[in-house]
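I have placed the structure first, in the form of structure tokens, so that the comments after it can refer back to it.
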Amino acid sequence: MTEAVQQKGAGRVAVLVPAAGRGSRLGGPRKQFRRLGGRPLLEQTLRAFALHPEVDGLIVAVPADRVKQVATSLQAAGIPKVWQVVAGGRTRQESVQAALAALPPDVALVLVHDAVRPFILPEQISAVIEATRRVGAAALAIPEADTVRRVRDGLLGETVPRAGLYRMQTPQGFRRDWLEAAHRQPGEAAATDDVELVQRLGYPVACVPGSSFNFKITTAEDWELAQMLWPQWETRLRQKLTENA
């Protein structure tokens, strides 16, 4: 297995960003197009990857009626390395599949990242890329710290042991052939992330330490927290990029 991973290690690195969701839990306009720090949230997320020296290109999947508009706005914003903006699907899986289909043939390693996780640092991207090259697949995750209980009919039930429980994050990295094979599986039930699809084929996935800052903006409270954190985060990110330049 190790030899096979190393053989596939050559080639370019691409990031797929599924951004076609409706964001119904947050309400209002699609959250990926809301403005955070004076720019659309999608742009802020893409910028972290576009400025990373190990990332060669980005493919973004957006609602079909926004493809031309988003492509134009990303070009006007000067976001580098955007290879293509494609029409996403009804589900996250369909959007990842659409982005996968647009990859150039010389891409060997693929990262998939949520459009609404802007708080990602360069070293975390590097760690996922390194682990993916070594193992074949990798993902950020953080240990579950809170007590977890089941709820039935509005009443608290039994406690779920949290030892060994992790909350998944993105980016998630994969050998291209593994991810393509995972998305070709016929008749499989929907998965909540690409790690689940790859694991169904029996492939190993390395766990890379994530961060509580790398949260997914889902609710109104998440959005409020993101707005409060962004000014300090932007300064921190700029410092990190300067250090790594």
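Points to keep in mind about this one:
- Filter result for Val198 (of a type in the set (Val, Ile, Thr), at pLDDT 95 or above and out of contact with any His (no Cβ under 7 Å at 6 or more places or on another chain)): yes
- Count of the stretch 201-210 residues, restricted to those that are over 14 Å from the mean Cα position of the chain (by Cα) and open to solvent by less than 80 Å² (accessible area, probe 1.4 Å), is 6.
- Any chance Ala137 is touching a residue at least 40 places away in the same chain (Cβ under 8 Å) and within 17 Å of the chain's Cα centre (by Cα): yes
- Counting only strands (runs of 3 or more DSSP E) wholly contained in the stretch 106-199, the ones carrying 1 or more residues that are open to solvent by 40 Å² or more (accessible area, probe 1.4 Å) occupy 137-143, 148-152, 155-160, 166-175.
- Contact map, the stretch 156-184: first residue on the phi < 0 side of the Ramachandran plot, second residue of a type in the set (Val, Ile, Thr) and assigned to a strand (DSSP E or B), Cβ cut-off under 6 Å, separation 6 or more or different chains; pairs are Val160/Val148; Arg162/Val148; Arg167/Ile142; Gln172/Val112; Phe174/Val110; Arg176/Val107; Arg176/Val110; Leu179/Val110.
- The selection criterion, being at pLDDT below 95 and closer than 26 Å to Gln97 by Cβ, does not hold for Ala182.
- In the stretch 57-82, residue farthest from Leu237 (Cα to Cα) [restricted to those that are touching an Asp or Glu at 6+ places or on another chain (Cβ under 9 Å) and surrounded by fewer than 18 Cβ atoms within 10 Å (Cβ to Cβ)]: Ser73
- Scanning the stretch 185-237 for residues that are polar (S, T, N, Q) and under 17 Å from Ile142 (Cβ atoms) returns Thr192, Ser211, Ser212, Asn214, Thr218.
- Checklist (1) open to solvent by 50 Å² or more (accessible area, probe 1.4 Å); (2) more than 21 Å from the chain's Cα centre (by Cα) applied to Glu221, failing item: (2)
The values are calculated or read from the model by the stated rules, or taken from the named source; none is laboratory data. All of these numbers come straight from a predicted model, not from anything done at the bench. Every residue, glycine as well, gets a Cβ built from its backbone with ideal geometry; the counts of neighbours run over all protein chains shown. Side chains are part of the model used for accessible areas, which takes the heavy atoms of the whole protein and leaves out ligands, DNA and RNA. Shrake-Rupley method; radii C 1.70, N 1.55, O 1.52, S 1.80 Å.
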